[in-house]
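Report on one structure; see the data block that follows.
The values are calculated or read from the model by the stated rules, or taken from the named source; none is laboratory data. Just so it is clear, the structure is predicted and the values come from calculations on it, not from any experiment. Note that we place each Cβ from the backbone using ideal geometry, even for glycine, and neighbour counts take in every protein chain shown. Heads up: the accessible areas ignore ligands, DNA and RNA and are worked out on the full protein's heavy atoms, side chains in. Shrake-Rupley method; radii C 1.70, N 1.55, O 1.52, S 1.80 Å.
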Amino acid sequence: MQRLGQGDYQAEEFKKWAKSYDKNSFSYEGRQRSNRILTWIENQVGSFKGMAVLDIGAASGVFSIPFVEKGANVTAIEPSPDLAIMLENNAKHYSVQVEVIQKPFEVISTDKHNQSYDLVFASMCPAIKDWDMVEKALSCAKKYCYISMMAGPKENHLMDELLPIIGLKPREIGSSDMAYLQQLLYLRGYSYQTLIEKQMKTVKIDVDSAVDNLTDWFIEYGIPLEEKLLRKSEEYLRETYEEEISLRTGGRFGKVLVHLED
């Protein structure tokens, strides 16, 4: 997100991303995804009814709202004013109550929050960027702490198709944030359950949209934004595809639920 200019929640690119994220989060597919993740946790904790939940990096309520619908009392931390407003509007739309703290998790004092919540939840949260932030999240939880991260690089089959065309080698696997988290939890003696899964989706896009996205895809793949590479990619797309392109994207994702009472 930092490479794409979305690392700062006050940046224009972040605001554009936020609108798209909110729309996708509350689509049928988005609600199904939220339910799948909450069910995985629910199978371990028993029930969310009456549970105090802290949702770190809550965005527009993609998980906060389903938690409340399942009977939890939710406090949501979301530093972005745009996403915080979306969260409040979504809560009204779904007739639920969510307490919103509009501050970055990094600056919040945990003294009064220490072990205040039954479950601390951080899904793909940029604030959970090092072990200090993991320990800060753990310190707020009485019973459980959920963290999810990428478990490998993002995949884009169209970019994989383009790499040999523009004279570049296929990407190596690279490192995994989730691997570091799992090993640190293991070495520190925590009890936890974890799951690594691959999630892919296929959408239809037109050639013009693919060309418009080339710059962002180059950045995600760490490819220099050289005019000749972009031009060669565009020429290939326009020569190879007449109208629609089946774009298959996704990657490996990891989630871990720490059982603090064990």
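Would a scan of region 29-40 turn up a residue that is surrounded by 17 or more Cβ atoms within 10 Å (Cβ to Cβ) and over 14 Å from S123 (Cβ atoms)? Within region 29-40, none of the residues are surrounded by 17 or more Cβ atoms within 10 Å (Cβ to Cβ) and over 14 Å from S123 (Cβ atoms). Cβ-Cβ contacts under 9 Å between residues 6 or more apart (or on different chains), taken from a first residue in region 180-192 that is without any contact (Cβ under 8 Å) to a residue 24 or more places away in the chain to a second residue that is surrounded by 18 or more Cβ atoms within 10 Å (Cβ to Cβ), are listed as Y180/M149; Y186/Y192. Going through (1) open to solvent by 30 Å² or more (accessible area, probe 1.4 Å); (2) out of contact with any Asp or Glu (no Cβ under 6 Å at 6 or more places or on another chain); (3) at pLDDT 95 or above one by one, S191 falls short only on (2).
Could you please find all residues in region 190-238 being aromatic (F, W, Y) and within 21 Å of the chain's Cα centre (by Cα)? Please lay out each step first, then the result.
If we filter region 190-238 for residues that are aromatic (F, W, Y), which is where we start, we get 190, 192, 217-218, 221, 236.
Correct list: Y192, W217, F218, Y221.
Scanning region 55-69 turns up no residue that is over 28 Å from K198 (Cα atoms), at pLDDT 90 or above and surrounded by 18 or more Cβ atoms within 10 Å (Cβ to Cβ). Scanning region 91-115 for residues that are small (G, A, S) and modelled with pLDDT under 90 yields a single hit, S109.
On the given criteria, is M159 surrounded by 19 or more Cβ atoms within 10 Å (Cβ to Cβ) and touching an Asp or Glu at 6+ places or on another chain (Cβ under 6 Å)?
On the way: surrounded by 19 or more Cβ atoms within 10 Å (Cβ to Cβ): yes; touching an Asp or Glu at 6+ places or on another chain (Cβ under 6 Å): no.
It is false that M159 is surrounded by 19 or more Cβ atoms within 10 Å (Cβ to Cβ) and touching an Asp or Glu at 6+ places or on another chain (Cβ under 6 Å).
For region 162-180, the set of residues classified as open to solvent by less than 40 Å² (accessible area, probe 1.4 Å) and either modelled with pLDDT of 95 or more or within 22 Å of E226 (Cβ to Cβ) (or both) consists of L162, L163, I166, listed by residue number.
Only one entry of K143, K103 meets the criterion of being outside any helix (DSSP H, G or I), in contact with a strand residue (DSSP E or B) (Cβ under 6 Å, 6 or more places away or on another chain) and of a type in the set (K, R), and that entry is K143. Which one is least open to solvent (accessible area, probe 1.4 Å) among residues in region 70-114 that are of a type in the set (K, R) and either in contact with an Asp or Glu (Cβ under 8 Å, 6 or more places away or on another chain) or in contact (Cβ under 8 Å) with a residue 12 or more places away in the chain (or both)? In this case the residue turns out to be K70.
Counting only residues that are without any contact (Cβ under 8 Å) to a residue 60 or more places away in the chain and in contact with a Lys or Arg (Cβ under 7 Å, 6 or more places away or on another chain), which one in region 198-226 is least open to solvent (accessible area, probe 1.4 Å)? By that ranking, first place goes to V207.
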